[in-house]
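> Quick one: the structure is below, and I'll ask about it shortly.
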Amino acid sequence: MDNEANVTMERQLSHWVSIGIVAAAALMGLVVLYHVNHYPRTDDAEIFANFIGIAPQVEGPITHLNVRDNQFVQKGQLLYEIDERPYQYKLETAISEQAALEGQIVDETRRIAALVSAVSVSRRERMWPMPNKAYNGLRPSGPTRVTICIGSSRFSPSSLLL
């Protein structure tokens, strides 16, 4: 009987050990499944998150950063300051170039006016070869067209009447 009791005990013990191993394996599987779902981990995965990229309307080096990582910001809040020196330089260069061009325009306008005046005087002297006192106030009877050559361009105002 001792043998039979020993065999029965061993069977019951092996039965309970088998049930315990299966239960432990099932419990461990549930723990692993929970952990994998809540804390995923891999060497070559990509994680999708709410990421908002920001870009300035102008580019340049940042001189001062007014926020920290993951800080909440409000609409209209100043986030960073960009160095203004390159843009200030470009503005001053453009203003000086504009002033130089305006000066050239004034010079060319005066030069054209002087050429028109010289042409009208020479044409008047050619058409009316009288002493100055005799033709003061007289004008040619018909319209006269004047063409002025300035460098390689031609200036020919059709409405210029003498």
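The values are calculated or read from the model by the stated rules, or taken from the named source; none is laboratory data. Note that the structure is a prediction, hence the values are computed from the model and not measured. With ideal geometry, Cβ positions are generated from the backbone for all residues, glycine too; neighbour counts draw on all protein chains shown. Areas reflect the complete protein model, heavy atoms only, side chains present, ligands, DNA and RNA absent. Shrake-Rupley method; radii C 1.70, N 1.55, O 1.52, S 1.80 Å.
> Which pairs turn up if I take residues in segment 53-77 that are in a loop (DSSP other than H, G, I, E, B) and look for partners that are open to solvent by 90 Å² or more (accessible area, probe 1.4 Å) with beta carbon separation below 6 Å, at least 6 apart in sequence or on another chain?
N66/L78
> Going by the structure shown, is R111 without any contact (Cβ under 8 Å) to a residue 40 or more places away in the chain, farther than 30 Å from E59 by Cα, loosely packed, with under 10 Cβ neighbours inside 10 Å and not hydroxyl-bearing (S, T, Y)?
no
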